[in-house]
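Shown next, in structure tokens, is the structure this report addresses.
FYI, it's all coordinate maths here, none of it is from the lab. Please read these numbers as outputs of a predicted model, since none were measured by experiment. Cβ coordinates were reconstructed from backbone atoms using ideal geometry, including for glycine residues, and neighbour counts include every protein chain displayed.
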Amino acid sequence: MCKSPLHPFLVKLPKCEHHIHLEGALTPQLVFHLASKNAIPLPKLPHYQNPEALAARYEAFDSLDDFLNIHYANMSVLITEDDFYELAWSYFCAAHADGVHHAEVFFDPQSHTSRGIPIASVIKGYSRALARAESELGVTSRLIMCFLRHLPVPSAHATFDSATGFIQDGTIHGVGLDSSEVGFPPELFTDVFRKAKDAGLHRTAHGGEEGDVSYITGALDSLEVDRIDHGIRLIEDREVMKAIAAKGTLLTICPLSNVYLRTAKSVASLPLREFLEARVQFSLNSDDPAYFGGGILNNYCAVEEAFGFSLDEWKTIAIAAVQGSWISEARKSALVQKIEHVVSQFT
Ligand code: ADE
Ligand code: ZN
């Protein structure tokens, strides 16, 4: 709950989320529950004494890699198809409560296949939760398979090839690129992204989170992405910023994540006003809600407290999120109508 008078409006505003790693919804409670169920030993470190100690450790990340080390360690508790289902279902329930109507969710198959988990267990578990979210909660979704950029490129190719059946039957809608950014430029993944394009998949990549603008331009030019995940360092190059605004490329910005991972000093220091003024399209997202202060609504609230946006500005942001979604024109119109209805109720 934020202190802004717009809080009730922000709760009701229909939201699209484009930047949420399903593994990043693994709460400390669920880590301990699944570790016990699956008899997986947790690391012998003070912050693994109990869920509270683990949550307290999340307040002290000093970089993206510091977070990723714990994030990957925690994933070791995910073993069965049902574990992946339970994780994704818990995300959709929380997202629905936050006013999400459409979610495009990332997952990291290599974090699981490298531990001997079949890719089918991961994808079948997740896709069961996606189907239930649509039928019971009315939340539509897309599944985006990410490649881990710190792993060798052939591993990305092997992952892509092993998912062929799920690509051909439409279960996987797009590919992404995540994990440690600096030192792992997007150009390394040109060939696997070309395969994804040839297979008719949408494409996105993390860029400009810790890395400089070359990680954004590299993703646009070499990977032919439709979106940039994070992209906050775009503000450092006004020419590229103009080009991205003209092209209409969506940035999927994660305000609380940026503060937790120290890529921004505060939410108020993010260039959101500059992006709005330059007509750079962006959506607001949670990234890893179990780690960075909660879900999408907390991110909307943090932005409102920092910027005090007007109803009109929020309408612009919410509609950009719809237009940047990988959904049909009919679904876009339905979501825009819902947004206009809520804005009119509060005007
Ligand atoms: N994987 C999960 N969260 C991430 C982030 N913020 N950046 C890169 N990879 C990630
Ligand atoms: Zn991310």
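What to note about this one:
- Candidate lysines - alpha carbon under 24 Å from residue 265, same-chain residues fewer than 8 apart omitted: 3
- Over the stretch 203-347, relative contact order from alpha-carbon pairs under 8 Å, at least 6 apart, %: 18
- CD proxy at 222 nm, helix term only [per DSSP H run n ≥ 4: -39500 (n - 2.57); per residue of the chain; nearest 500]: -14000 deg cm²/dmol
- Looking at the stretch 99-163, the trypsin sites (Lys or Arg not before Pro) that sit in a DSSP loop and have at most 15 other Cβ atoms within 10 Å of their own Cβ are 115.
- Rounded Å value of the spacing that divides the Cα centres of the stretch 77-127 and the stretch 30-70: 18
- By the Cβ-Cβ criterion of under 4.7 Å, the unpaired cysteines of the chain are 16, 93, 146, 254.
- The value of relative contact order for the chain, using C-alpha pairs under 8 Å at least six residues apart, is 22 percent.
- A simple spin-label model places pseudo-atoms 7 Å from Cα toward Cβ; at residue 49 and residue 243 they are separated by 5.3 nm.
- Selection of trypsin sites (Lys or Arg not before Pro), the stretch 8-51, meeting DSSP coil and at most 10 other Cβ within 10 Å: 44
- Percent of C-alpha pairs per 20 Å bin, the chain, short to long: 32, 61, 7
- Trypsin sites (Lys or Arg not before Pro) restricted to the stretch 231-332 and DSSP loop, no more than 10 other C-beta within 10 Å: 265
- Size of charge dipole - the stretch 274-347 - debye, nearest 20, with Cβ of Lys, Arg +1 and Asp, Glu -1, no other charges: 360
- Greater than 20 Å apart at Cα, pairs in 124/197; 15/338; 242/332: 124/197; 242/332
- In the chain, taking the dipole from charged Cβ atoms about the Cα centre, the farthest positive-side position among 111, 75, 90 is held by 90.
- Bridging of residue 195 to aspartates and glutamates at a Cα separation below 20 Å is possible for 108, 161, 169, 178, 187, 221, 224, 226, once same-chain residues fewer than 8 apart are set aside.
- Assigned charges on the beta-carbon of Lys, Arg, Asp, Glu; the chain dipole about Cα centre (debye): 520
- Residues within the reach of a label modelled at residue 274 (point 7 angstrom out along Cα to beta-carbon, backbone nitrogen below 17 Å), restricted to the stretch 223-261, are 230-246, 251-255, 258-259.
- Each part gets one Cα centre, and for the stretch 267-323 versus the stretch 327-346 those centres are 18 Å apart.
- Cβ-Cβ distance of residue 40 and residue 221, R₀ of 51 Å, FRET efficiency by 1/(1 + (r/R0)^6): the value works out to about 0.75.
- In this calculation the C-beta distance from residue 333 to residue 265 is compared with R0 = 35 Å, giving a FRET efficiency of 0.35.
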